[in-house]
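Below is one structure, written out as structure tokens; comments come after it.
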Amino acid sequence: MSVEQYKGTTTVGLVCDDGVVLATEKRATMGNFIASKDAKKIYQIDDQVGMTTAGMVGDAQTLARAIAVESKLYKIRRQEPMTVGATVTLLSNILSGNRYFPYYVQLIIGGVDKKGPSLYSLDAFGGQLMEKKAVATGSGSPIAYGVLEDRYVDDMPMDEGVTLAIRALHTAMKRDSASGDGIDVVKITSKGYETVDEADISNIIEELK
């Protein structure tokens with residue numbers, strides 16, 4: 001008997017003037033069944049690094065736990081945080097090493113280190129791309145990309161980046177049945193990792209209607 005896994009999502013990442021915005025919606029599906037309306041799809045990896053997940057929820061959770069532990073161990077041993085690029089390389093190696101029994105995920109890794117803000121996307125086999133502007137993953141990503149490519153500008157202020165990420169997700173949620181049930185957003189700057197308040201997200205959505 002086959003067992004269906006929780007999946008389905010839209011996630012977004014943007015490079016802004018002084019940091020990175022990561023955003024996701026909250027729905028997880030099993031085929032046509034909505035399995036969860038409050039799925040966690042953004043994980044804090046380190047003080048200034050976050051990861052969004054699309055694909056199989058169990059695989060994503062396993063990877064998030066593993067890379068968070070490795071980041072903490074690195075900081076203890078080296079007395080400094082792992083760079084965003086190093087975090088991505090480690091994840092890439094884990095994914096590539098499991099290519100015959102792959103983790104079914106698409107990941108966005110974003111954060112700020114001594115080199116400044118950076119954003120990467122990773123596929124299930126460990127392929128990594130450095131994203132200079134904006135990226136979307138998951139079943140609703142084609143719709144989200146339409147908004148991002150139309151409205152993204154270089155050196156976008158962080159608050160405008162938050163609004164754009166919410167606009168892209170809000171639009172995707174209207175057309176992609178695997179995306180919905182609310183939005184999570186985080187801002188990562190040199191000052192740290194900050195979760196955007198639900199009330200602020202609701203106010204932005206109301207302004208977009």
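The values are calculated or read from the model by the stated rules, or taken from the named source; none is laboratory data. Fair warning: this is a prediction, and the values are worked out from it, not measured in the lab. Backbone-built Cβ (ideal geometry, glycine too); neighbour counts: all protein chains shown.
Quick one: which strands (runs of 3 or more DSSP E) sit completely within the range 1-87 and have at least 1 residues that are in contact (Cβ under 8 Å) with a residue 12 or more places away in the chain and either in contact with a Leu (Cβ under 8 Å, 6 or more places away or on another chain) or closer than 19 Å to residue 193 by Cα (or both)?
Details: elements: 10-15, 19-25, 28-30, 33-36, 42-46, 49-55.
Once the strands (runs of 3 or more DSSP E) in the range 1-87 are filtered for at least 1 residues that are in contact (Cβ under 8 Å) with a residue 12 or more places away in the chain and either in contact with a Leu (Cβ under 8 Å, 6 or more places away or on another chain) or closer than 19 Å to residue 193 by Cα (or both), what remains is 10-15, 19-25, 42-46, 49-55.
Among the residues of the range 109-146, write down those that are among the charged types (D, E, K, R) and within 28 Å of residue 180 (Cβ to Cβ). Steps first, please.
Restricting attention to the range 109-146, the residues satisfying the condition of being among the charged types (D, E, K, R) are 113-115, 123, 131-133.
Listed by number, the residues that qualify are 123, 131, 133.
For the range 44-52, check the following and say yes or no: at least one residue is surrounded by fewer than 21 Cβ atoms within 10 Å (Cβ to Cβ) and over 17 Å from residue 19 (Cα atoms). So far as the range 44-52 goes, no, none of its residues is surrounded by fewer than 21 Cβ atoms within 10 Å (Cβ to Cβ) and over 17 Å from residue 19 (Cα atoms). With respect to residue 112, is the statement that it is part of a helix (DSSP H, G or I), surrounded by 19 or more Cβ atoms within 10 Å (Cβ to Cβ) and in contact (Cβ under 8 Å) with a residue 24 or more places away in the chain true? Against the criterion (part of a helix (DSSP H, G or I), surrounded by 19 or more Cβ atoms within 10 Å (Cβ to Cβ) and in contact (Cβ under 8 Å) with a residue 24 or more places away in the chain), residue 112 does not qualify.
If you take the residues of the range 54-91 that are within 16 Å of the chain's Cα centre (by Cα) and surrounded by fewer than 16 Cβ atoms within 10 Å (Cβ to Cβ), which of them is modelled with the lowest pLDDT? Break it down into steps so the answer makes sense when it comes.
Our first condition is that a residue be within 16 Å of the chain's Cα centre (by Cα); within the range 54-91, this holds for 54-65, 67-68, 84-85, 87-88, 91.
Those left that are additionally surrounded by fewer than 16 Cβ atoms within 10 Å (Cβ to Cβ): 58, 61-62, 65.
On the way: 58: 86, 61: 92, 62: 93, 65: 95.
Within the range 54-91, the match that is modelled with the lowest pLDDT is 58.
Being out of contact with any Ser or Thr (no Cβ under 8 Å at 6 or more places or on another chain) and closer than 27 Å to residue 190 by Cβ is the requirement here; does residue 49 meet it? No: the conditions fail for residue 49.
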